[in-house]
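S.K.: Below is the structure I would like to discuss, written out as C-alpha cells.
The values are calculated or read from the model by the stated rules, or taken from the named source; none is laboratory data. Please read all numbers here as calculations on a predicted model, not as lab measurements. Here the Cβ is made from the backbone with ideal geometry for all residues, glycine too, and neighbour counts use every protein chain on show.
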C-alpha cells in the first residue's frame, strides 16, 4: 500500500475550497474579457533554454524534466506565463496581429521554499498587451487590477505603481556604479516589509559573493550615497511627488523619462475611472523579475500587507527580443491566484460551499427509481443542477440528512405513494416547507423556489 | 538569441483556437455541474510512487521531475486525473463525504509517441462518483457522455459500453489460462480499428517477451480457443445480445455477473433519457487501463472512427485500495479535450473567432483620449466587452481596418467633431450602418445592436 500524500509546497483544493476558488477564476476571466483580452493557452512544459533565455547564470529555481527516454532534450516546467507569451509572439509572427491583448491562466512552478501563501505549484492569471508602447496600455493594466479586485469583493486594497526608469536613474543621481543597481533595487524593494533600518544596513554592508562569483547581498554604498537614496524614498507621496522627483533627479535623463511616463499613466488611470485612493505612486516598488524595463505595478491588501503583492506586473519591452530580431514592446500583470485565495481565506472573504447542486432527488423506494431518473433528467435539461441520491443510505430519513449536510437547497421525495398520485413532494430545505406538486409542474415549482 | 519552439507532442492554442476551445471547456463544465458533480483540483506534480502504485513493473511512460536541489524525492507529472482522485479519497477520509461526485479538469502528461490528435500534454475533463457500487452511478456516467456530446453540438456519435467482468469470463469460457487474459483483451480492443484478420493473427502468434521478461505480444491461443472468441465477438448486437452472451458463457460465473450489471445499466440509461441509437453494448470494448473492474465506456465519433474514443471510462473498484485499507467503489469517465477538439476541427465543427470584444473604441484623435477611456469604462462596467485601440495605426481608416480584421462587431468613433457635439458615432460592422448617438445613450444603443 502506498501512502497517499503530496510533497510540501503543493496544495489540494477539495470542493468546499474549489467551489469559491472557481468563482474567483471565473470572475477574473470575466473582467479580463471585458477589457477585450483574448485567451491563449500554451503547454506547461517548455524548452529549458526558452525559460532561461539561454542565460548560464539563470538563477530562478525551476523544475526540470524531459521526454521519457529522451533525456538529451532539456525541458522544464514554466515558472510564469510571460516567458511563454514572449516565445509565442516570436514563434508565430504572422498569426499574431498586434496590438495583441491576451489573457492566460494556468499553473506555474517554482522551487523556492514554501511559506504561508507561497506554493511551489500555483496558478497565475495574466493579462498582457503586446505591441504597444503607449502608456495607455500600462494604465489599462492598472485599471484591470482595480476592476478585478473590486469584482472579487475585496474591500481594502491598493495598487502601487513605480517606474524602473526612475529607479535606474538612482545610480546617476546617488553616484554609485551602475553594476550595483540591481542589488540596490532588490534591497529597496524590502522597505515595505522590513523597514528603513534593515534596508540601510544592507545597502551599507560589504558586497558578498558566493563561490560562483555571484552577488548574494550588500552594496557597500557610502553614507552619502545612502543618504541620497533615503532622501529619494522619503519624498512625500501626493500630487507633487513627480515634481519633487524631477527636481531631485534633474541630473538623470533616464529618471526624467520615467517620471514623464508616470505622468501619462496618472492621467490615463484617472480617465479609466480608478479612484485616487485605490492607487498611488510608490518609489520603493521595484518588483523582482529582471525583465521589467518601465512602469511596474503591484497590488497589496491593506489588511494583510505581510502576504505581499497578489497582482503584479510591469512593462518588459526587451523580453520578446530574446527570441526574435524584432523589438516588441509589452506590458502586463499577473494575479497570483493561490496567494490571493489564501489571503481571502484569511480575511474571511471565502464562502465555503459543500455542494453545487440545486436539487437532490431522494431514491429510497426501489420501485420508483425509473421515475426518479426521469424527473432528474427533465430538471437537468432545463439547466437545474440535480443530483440523484446514489449512496449507501436506504431510508428516506438518512438520505434527507445527507442532503441537509450537503447543503442542497431543495429535495424531491418520490416513493410509491407519490408515484401513484402522479405527484412529487418538494421540500425547501432553507424554509423547511414541503409541498405536493403534480409531476408536470415540477420545473416551474423548482424555478420558483430557486428564484431563477 | 534562443529559438522560439516547443517540443514535439505539445501544442499552443492561439486565440482563434482557444476561444472555441474555451467554449468547449465551459460547456463540459456546465453539463457536469448539472449532474451535481463538484469541482476538485489537485497538483500536476505527484509522488512517483503514488502514480505507479509502487508497482516496479509500471509500464506507462511518465514525465519525471523533482524539487530543485532535492533529487532524492521522486516526483512525476500525473498521467491522468483518476489516480490523484483515488489518492485524495484515501488521504482525506474525514473531509470527503460519500457518495462523492467530483469533476476535475487539467493537463496530464504521457510520454508516448505523438500521433494525429494525440499529444504528450493534454487536458482531461473527468467526472467520477466515489462510494457507490450502484449501477445507477455508471448509467449516470453514460448519460453525462450523451448530454455532453449533445451540448457540444456533435451530430454523429455513440457510446459503446461493455463490462470487464464479461471479458474476464473469456478465459473460463474459451479455456485459456487466466494469465493470458490481459493480452487477449488488449488484442480484442483493436478489433474496431484493425479488423478480425489482424486480431486473429495476433491471438495465434507465439508469445513474445522483452529482455525484462515482460509480454510484448502474442497469446499463442489454439484455433479452437480463437474460434470460441470469434463466436463471442460475432454475437449480433441488439435486444437479445445479453441473452445470447448468457447462453454462450453459462459456464462463467464472473461473466454472468457482468451481464447482470449490463442489464441494470440498460434500464437506467433509458430512464435517464439516452436514446437507444446513441449507445450500444459492444463486446469488443476493453479499454486499456489496468484499473477497470466492471463496466467500461467509450465515445466514438461516427464520422471519424480512426481518432478513437474521445470520452471514456469505467468502474475501478480497487484503485482507492492502493492507498487505503478501506475498499471504495468508484466509476467515472474522462473527456480527452484536445483529441476531441482536434476531431471537432477536422469535422468542421469549430468556429474560429479572432476577438472576444463586443466593441472597439477607436483612438485616432489625441485630444479625445480621455473621453475614449471614459466611454470604454462606462461600457465595461455594464459588462460590455470593450477594447480601446492602442496600436501603432494613427488614422481612423487604418484603425477601422484593424477592427474589421479582428471581427469586432461594433466600433465607436470619437474625435473632436463628436466630442464638441457630445455624441459618439457608432458603427455596426455587421450591417455597415453608422449612427450618431448622444453620449448618454451609448450603453442602450450598444445593447440594442448586440441584442443583449
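S.K.: Take the residues in the stretch A:50-100 that are surrounded by fewer than 17 Cβ atoms within 10 Å (Cβ to Cβ) and touching a strand residue (DSSP E or B) at 6+ places or on another chain (Cβ under 9 Å), then tell me which one is farthest from the other protein chains (Cβ to nearest Cβ).
M.R.: Taking the candidates together, the pick is A:74.
S.K.: Out of all the residues in the stretch B:184-193, is one or more under 22 Å from the mean Cα position of the chain (by Cα) and either surrounded by 24 or more Cβ atoms within 10 Å (Cβ to Cβ) or within 14 Å of chain A (Cβ to nearest Cβ) (or both)?
M.R.: Scanning the stretch B:184-193, I find no residue that is under 22 Å from the mean Cα position of the chain (by Cα) and either surrounded by 24 or more Cβ atoms within 10 Å (Cβ to Cβ) or within 14 Å of chain A (Cβ to nearest Cβ) (or both), so the answer is no.
S.K.: To continue, here is another question. Look through the stretch B:7-25, keep the residues that are within 8 Å of chain A (Cβ to nearest Cβ) and touching a helix residue (DSSP H, G or I) at 6+ places or on another chain (Cβ under 8 Å), and return whichever of them is nearest to residue B:333 (Cα to Cα).
M.R.: B:21
S.K.: So, one more: Do any helices (runs of 4 or more DSSP H) lying entirely in the stretch B:388-451 carry at least 1 residues that are under 19 Å from residue A:35 (Cβ atoms) and within 14 Å of chain A (Cβ to nearest Cβ), and which ones are they?
M.R.: Fully inside the stretch B:388-451 and qualifying: B:396-405, B:442-450.
S.K.: Could you list, in sequence order, the residues of the stretch B:102-121 that are more than 7 Å from chain A (Cβ to nearest Cβ) and closer than 21 Å to residue B:30 by Cβ?
M.R.: B:103, B:104, B:105, B:106 - these are the residues of the stretch B:102-121 that are more than 7 Å from chain A (Cβ to nearest Cβ) and closer than 21 Å to residue B:30 by Cβ.
S.K.: Could you look through the stretch B:218-252, keep only residues that are part of a helix (DSSP H, G or I) and touching a residue at least 60 places away in the same chain (Cβ under 8 Å), and pick out the one that is surrounded by the most Cβ atoms within 10 Å (Cβ to Cβ)?
M.R.: B:245
S.K.: Any idea which of A:296, A:328, A:274 is closer than 17 Å to residue A:155 by Cα and crowded, with 18+ Cβ neighbours inside 10 Å?
M.R.: When all the criteria are applied, what remains is A:274.
S.K.: Still on this structure, please answer the following. Name the residues in the stretch B:26-45 that are closer than 22 Å to residue B:129 by Cα and at the interface with chain A (Cβ under 7 Å from one of its Cβ atoms), would you?
M.R.: Within the stretch B:26-45, B:33, B:34, B:35, B:36, B:38, B:39, B:40, B:41, B:42, B:43, B:44 meet the criteria.
S.K.: Return only the number of the condition from (1) within 19 Å of the chain's Cα centre (by Cα); (2) at the interface with chain B (Cβ under 9 Å from one of its Cβ atoms); (3) outside any loop (DSSP other than H, G, I, E, B) that residue A:141 does not satisfy.
M.R.: Just one mismatch for residue A:141, condition (2).
S.K.: Just to check your reading of the model, which residue among A:274, A:285, A:300 is at pLDDT 95 or above and in a loop (DSSP other than H, G, I, E, B)?
M.R.: Answer to the check: A:274.
Rundown of residues vs (1) within 14 Å of residue B:336 (Cα to Cα); (2) touching a strand residue (DSSP E or B) at 6+ places or on another chain (Cβ under 7 Å); (3) outside the structural domain of residue B:61 (by TED's automatic domain parsing), yes/no style:
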{"position": "B:285", "(1), (2), (3)": "no, yes, no"}
{"position": "B:290", "(1), (2), (3)": "no, no, no"}
{"position": "B:294", "(1), (2), (3)": "no, yes, no"}
{"position": "B:311", "(1), (2), (3)": "yes, yes, no"}
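S.K.: Part of a helix (DSSP H, G or I) and at pLDDT below 95 - does that describe any residue in the stretch A:204-217?
M.R.: Looking through the stretch A:204-217, at least one residue is part of a helix (DSSP H, G or I) and at pLDDT below 95.
S.K.: Still on this structure, I have one more. Can you give me the number of residues within the stretch B:430-442 that are at pLDDT below 95 and under 15 Å from residue B:361 (Cα atoms)?
M.R.: Count: 1.
S.K.: I would also like to ask the following. Residues that are without any contact (Cβ under 8 Å) to a residue 24 or more places away in the chain, more than 13 Å from chain A (Cβ to nearest Cβ) and more than 19 Å from residue A:143 (Cβ to Cβ): does the stretch B:360-381 have at least one?
M.R.: no
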